[in-house]
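Structure record follows, encoded as structure tokens.
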Amino acid sequence: MPVKVHWGSPGHWAIRLVWLAATIAVVVYIPTRTQPGTINDMTTALELAAVAMALNLVMGYGGLISLGHSAYFGLGAYTMAVLVDHYGWTQGWTLYIAAVFGFVVGCLTSLPALRLKGVYLALTSIALAVLFPQLVKWQKLEWLTDGARGIDDLQYDEIPVWPILGELDGRRGRAVWMYWLAVIVAVLSYLVCRGIVKSRVGRSLVAIRDNETAAAVMGVNRARTQTIVYGLSAAMTAVAGALFGIGLNGVNPDLRYFTLIGSITFVVIMVIGGGATLWGPIVGAFLYVLVESRTRKWGADSSGVVGALFGWLNSSPATLILAVVFIVLMFVAPFGIVGLLKRLAAKVIVIVPNPAGTRSNVPPVEEGLDPSIDEPFLSASPEETP
Amino acid sequence: MTSRSTRVLAVAGASVLAFSVAGLGHAGAGSEEGWTVDTEDCSDPDRANAPIEGTIRIGSSMPLSGGAAAAAFEPAARGLEAYIAYANDNDLVPGYELELTIGDDQYDPALTPGVVNGLIDDGVDVFAGIIGTQNNLAVRDTLNEECIPQLNVLAGDPRFGEVEEYPWTTGLLTSYEYEYGAYAQDIAANFPDSTVGLFYVNSEFGNISIDNFKAAAEEAGLEIVAEETVELGDEAPPQAQVSSLAEEAPEVLVTVPLGAGCISFLNELANAKAANEWEPVVYMTNTCAGSALILGAAGENADGVYTSAAMGLVDVSNPEVAATEPVAGYIAEMEAQGLGDIITTGGAGWNAGEVTVAVLLDALESPDGLTQASIINAARNLDFRPTLLREGMNYSMNGEEDAFYSQDVQVGQYNVADGFYTDIGEIISFESTPAE
């Protein structure tokens, strides 16, 4: 029999505070207690989390299938690279321009979404993913993009000094600096997503997804809602891409995250974490990077358990292991990791929502699903189910 | 009987190899003179000058899984492992155990920093044989900032010879500047007044290769009349591109495909030749055409392809070469390790391992003993002849004056009936400071 905790009660607030404290502890633990390699991996996870959150807005909450987010990711990275390399900008300032570019391009490329649905929309978004690397390599744009050669040497020459972080230098200092930038971007992305989902725009988006005609009858402006959300999603993705380019110290049109493979990776991350949940993309990104970084290190190692299981392969088992893990996950957790955790947590504790229109701890008329959307794993709102 | 013969051959080969590695190749690189690295700018100068004891941890990042390029390069990893195992078995670095860890970056530069950072955290002392231009560039700043030697880069971009800016990075592949310079010279000498068509993979590798060819072609007075590209990762046969080339019908084709694309290009070219009565002479990057195993997969369609010996290595698919020492010893050792199927494609990795061990030996013999600083000093002053290097060539580097080991190019032509290459002309040397 699970423990019942009322929404807004001291117990509920205690759970929230414990969750917040645990999150902050993990975020602080990584740059202070782990190796630079781990910090870099976690930075990548945060960048991918930001992209997956952005994609989640469009796909999870909006129901619009997008396989073109790699283009926004690449656009952000190239905006940063061109400004830093050709025009001598400081890396940090380019993130704002990447966001603006991402928003404008996102709004423009959302136009097909106003006419198309489902697989047809997916196909047009694939075209965007395929087009981006070709556009970068286009001879007439080489003066700007340096074509297939890419643009190198994009990292901070001198790591900026922030009093709270102290003076940072060397590999560790660079890793810590990029990590905190990624934390800021990921937190902002989370807040933007949370704000949208809880706002009128977010509820309109879900309404359009669930029943477009009913939403229109209720006065929802579909074109405006989808265009704004698409634009914001592209802007968030572009900022993450710009950050990724700085960390990698170079951009190149053939980088996997700038191609269709990247788009598919973003979708995978969102789905394994849990679509239409705020924490799903974050969990998915960390799980993806964790599995991917472990398997790539095993590489040519043919000893131990890896050797016994995959010794028959002539090549590294990295890709195979990654694929198997995700296939198993989809069987075990069809609604993503967050969906699975919610189900498990419901066996221990249940947050009982307040009746509509009340703000106090009045016992609910009917126990059901929690209307909140910011509780990580302990409840499931109708809005969070795919 | 077979296994006994193999063991006997392996022992014989090992003896010859050990002799060649430990004794024959060196020429006073351990002396105090010559170029020395400045460790003042290192993030941790003490670590760069601290003695390495007991175990030398060697790291690398290579494509071990993934697409067609990974499949083509993966044997290099096994060749590198084979040499390190061989060096340990024969105690080639006395008093030290070599520990090699290769991470899988799937030929994706976005993954290489993750692999390399993880290996640095694990305490790797030196990196060797990282494959790919972008992959190496992605970690070059980090390794130079940390003062960890990035030895024997398996990419031919001339940027891996920037000694002043990146002293801790040394290249092993023949620079594309020399490889394509040699092709341009060969075309001008043997096919004067021919028109040239270009076909290349539209990646950084392909573009830098072709840029170097264009520069050399201009110098040699060659006329380029057609240019076609194929995208990296596009595994469809390049039918449209080859048809476009056929329309222009250049007399010579200079081609830079990659991985499985090498074979599909040759197959498409054969179709176009048959349909258009067009017989171009084909020069192909040694990254794929340097291996008889890869060209062999294209069968008759690879007959007559011109290429060059990658890193100046011998053609182990030539029975005459394979029967002579020390190449026979190499083949015996590879077979003894169960790698008889990759003696051609694994040679690059074996060679990278052998040069790495030679550098370690020189560093060990230096007055400072074995440190990360002495390793890069030894690498930049090396004068060495590896087992698989051709006669008349030598690997020598001399600080900033001479930043590349391999500056000699031997053009060869593949003969499908024999299954190996025939040398064409003399060695073309770009060596700025010939070995003494």
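The values are calculated or read from the model by the stated rules, or taken from the named source; none is laboratory data. All figures in this text were calculated on a predicted structure; none of them were measured in a lab. Virtual Cβ from ideal backbone geometry, glycine too; neighbours counted across all protein chains shown.
Out of everything in the range A:150-178 that is buried (at least 21 other Cβ atoms within 10 Å of the Cβ) and of a type outside the set (A, V, I, L, M), what residue ends up being farthest from the other protein chains (Cβ to nearest Cβ)?
Here the residue is A:W177.
Within the range A:197-218, which residues are touching a residue at least 40 places away in the same chain (Cβ under 8 Å) and hydrophobic (A, V, I, L, M, F, W, C)?
A:V197, A:L205, A:V206, A:I208
Any idea which of (1) touching a helix residue (DSSP H, G or I) at 6+ places or on another chain (Cβ under 8 Å); (2) part of a helix (DSSP H, G or I) is the one B:V153 doesn't satisfy?
Of (1) touching a helix residue (DSSP H, G or I) at 6+ places or on another chain (Cβ under 8 Å); (2) part of a helix (DSSP H, G or I), only one is false for B:V153: (2).
Of (1) within 14 Å of chain B (Cβ to nearest Cβ); (2) under 22 Å from A:T109 (Cα atoms); (3) part of a helix (DSSP H, G or I), A:P253 satisfies all except one. Which?
The number of the failed condition is (3).
State whether the residues of the range B:134-149 include one that is closer than 30 Å to B:P280 by Cβ and either in the same structural domain as B:P51 (by TED's automatic domain parsing) or in contact with a strand residue (DSSP E or B) (Cβ under 8 Å, 6 or more places away or on another chain) (or both).
Of all residues in the range B:134-149, those closer than 30 Å to B:P280 by Cβ come to none.
Within the range B:134-149, none of the residues are closer than 30 Å to B:P280 by Cβ and either in the same structural domain as B:P51 (by TED's automatic domain parsing) or in contact with a strand residue (DSSP E or B) (Cβ under 8 Å, 6 or more places away or on another chain) (or both).
Looking at (1) surrounded by fewer than 17 Cβ atoms within 10 Å (Cβ to Cβ); (2) more than 11 Å from chain B (Cβ to nearest Cβ), which is the only condition A:A182 fails?
Of everything listed in (1) surrounded by fewer than 17 Cβ atoms within 10 Å (Cβ to Cβ); (2) more than 11 Å from chain B (Cβ to nearest Cβ), A:A182 misses just condition (1).
Quick check on the range B:84-136: of everything there that is assigned to a helix (DSSP H, G or I) and among the small types (G, A, S), which residue is farthest from the other protein chains (Cβ to nearest Cβ)? I'd like the intermediate steps shown before the answer.
Kept after step one, since they are assigned to a helix (DSSP H, G or I), are these residues of the range B:84-136: B:84-89, B:112-121, B:133-136.
Subset that is among the small types (G, A, S): B:85, B:87, B:114, B:118.
Details: B:A85: 12, B:A87: 16, B:G114: 6, B:G118: 4 Å.
Only one residue fits best here, namely B:A87.
Return a yes/no flag: does the range B:42-57 have any residue that is modelled with pLDDT of 95 or more and either at the interface with another protein chain (Cβ under 9 Å from one of its Cβ atoms) or within 15 Å of the chain's Cα centre (by Cα) (or both).
no
Yes or no: B:I187 in contact with a Phe, Trp or Tyr (Cβ under 8 Å, 6 or more places away or on another chain), part of a loop (DSSP other than H, G, I, E, B) and not aromatic (F, W, Y)?
Working: in contact with a Phe, Trp or Tyr (Cβ under 8 Å, 6 or more places away or on another chain): yes; part of a loop (DSSP other than H, G, I, E, B): no; not aromatic (F, W, Y): yes.
No: the conditions fail for B:I187.
For A:F103, only one of the following conditions fails: (1) exposed (fewer than 14 other Cβ atoms within 10 Å of the Cβ); (2) in contact (Cβ under 8 Å) with a residue 24 or more places away in the chain. What is its number?
In the conditions (1) exposed (fewer than 14 other Cβ atoms within 10 Å of the Cβ); (2) in contact (Cβ under 8 Å) with a residue 24 or more places away in the chain, A:F103 misses (1) alone.
Please state which one of B:E333, B:E365 is buried (at least 21 other Cβ atoms within 10 Å of the Cβ) and out of contact with any strand residue (DSSP E or B) (no Cβ under 7 Å at 6 or more places or on another chain). Steps first, answer last, please.
Working: B:E365 fails: buried (at least 21 other Cβ atoms within 10 Å of the Cβ).
Unique residue meeting the criteria: B:E333.
Please find, among B:A236, B:A215, B:A226, the residue that is outside any helix (DSSP H, G or I), surrounded by fewer than 19 Cβ atoms within 10 Å (Cβ to Cβ), modelled with pLDDT of 95 or more and not assigned by TED's automatic domain parsing to the domain that holds B:L154.
Numbers: B:A236 fails: modelled with pLDDT of 95 or more; B:A215 fails: outside any helix (DSSP H, G or I).
From the options B:A236, B:A215, B:A226, the qualifying one is B:A226.
Inspect the range A:219-231 for any residue being under 19 Å from A:N40 (Cα atoms), touching a residue at least 40 places away in the same chain (Cβ under 8 Å) and assigned to a helix (DSSP H, G or I) and give the result as yes or no. Talk me through it step by step, then tell me what you get.
Step one: list which residues in the range A:219-231 are under 19 Å from A:N40 (Cα atoms), which gives none.
No, there is no match, as no residue in the range A:219-231 is under 19 Å from A:N40 (Cα atoms), touching a residue at least 40 places away in the same chain (Cβ under 8 Å) and assigned to a helix (DSSP H, G or I).
Matching residues to (1) outside any loop (DSSP other than H, G, I, E, B); (2) within 12 Å of chain B (Cβ to nearest Cβ):
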residue: A:M236; (1), (2): yes, no
residue: A:F244; (1), (2): yes, yes
residue: A:G262; (1), (2): yes, yes
residue: A:F266; (1), (2): yes, no
residue: A:G275; (1), (2): no, no
residue: A:G284; (1), (2): yes, no
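Being within 14 Å of chain A (Cβ to nearest Cβ), without any contact (Cβ under 8 Å) to a residue 60 or more places away in the chain and among the small types (G, A, S) is the filter here; which residues of the range B:204-249 pass it?
Hits for the range B:204-249 are B:G206, B:A236.
Provide a single number: the residues in the range A:190-209 that are more than 18 Å from A:T227 (Cα to Cα) and in contact with a helix residue (DSSP H, G or I) (Cβ under 7 Å, 6 or more places away or on another chain).
Summing the residues that are more than 18 Å from A:T227 (Cα to Cα) and in contact with a helix residue (DSSP H, G or I) (Cβ under 7 Å, 6 or more places away or on another chain) in the range A:190-209 gives 1.
Looking at A:A45, A:A81, A:A21, which is the one that is within 14 Å of chain B (Cβ to nearest Cβ), at pLDDT 95 or above and more than 15 Å from A:G245 (Cβ to Cβ)? Break it down into steps so the answer makes sense when it comes.
Details: A:A81 fails: more than 15 Å from A:G245 (Cβ to Cβ); A:A21 fails: within 14 Å of chain B (Cβ to nearest Cβ).
Of the residues listed, the single one that is within 14 Å of chain B (Cβ to nearest Cβ), at pLDDT 95 or above and more than 15 Å from A:G245 (Cβ to Cβ) is A:A45.
List, please: which pairs have Cβ atoms under 6 Å, are six or more places apart or on different chains, and start with a residue in the range A:2-16 that is outside any strand (DSSP E or B) and end with one that is buried (at least 17 other Cβ atoms within 10 Å of the Cβ)?
A:P2/A:V350; A:W7/A:I351; A:W7/A:P353; A:W7/A:N354; A:G11/A:V5; A:H12/A:V5
All but one of (1) within 17 Å of A:F132 (Cα to Cα); (2) of a type outside the set (S, T, N, Q); (3) surrounded by fewer than 22 Cβ atoms within 10 Å (Cβ to Cβ) hold for A:V239; which doesn't?
(3)
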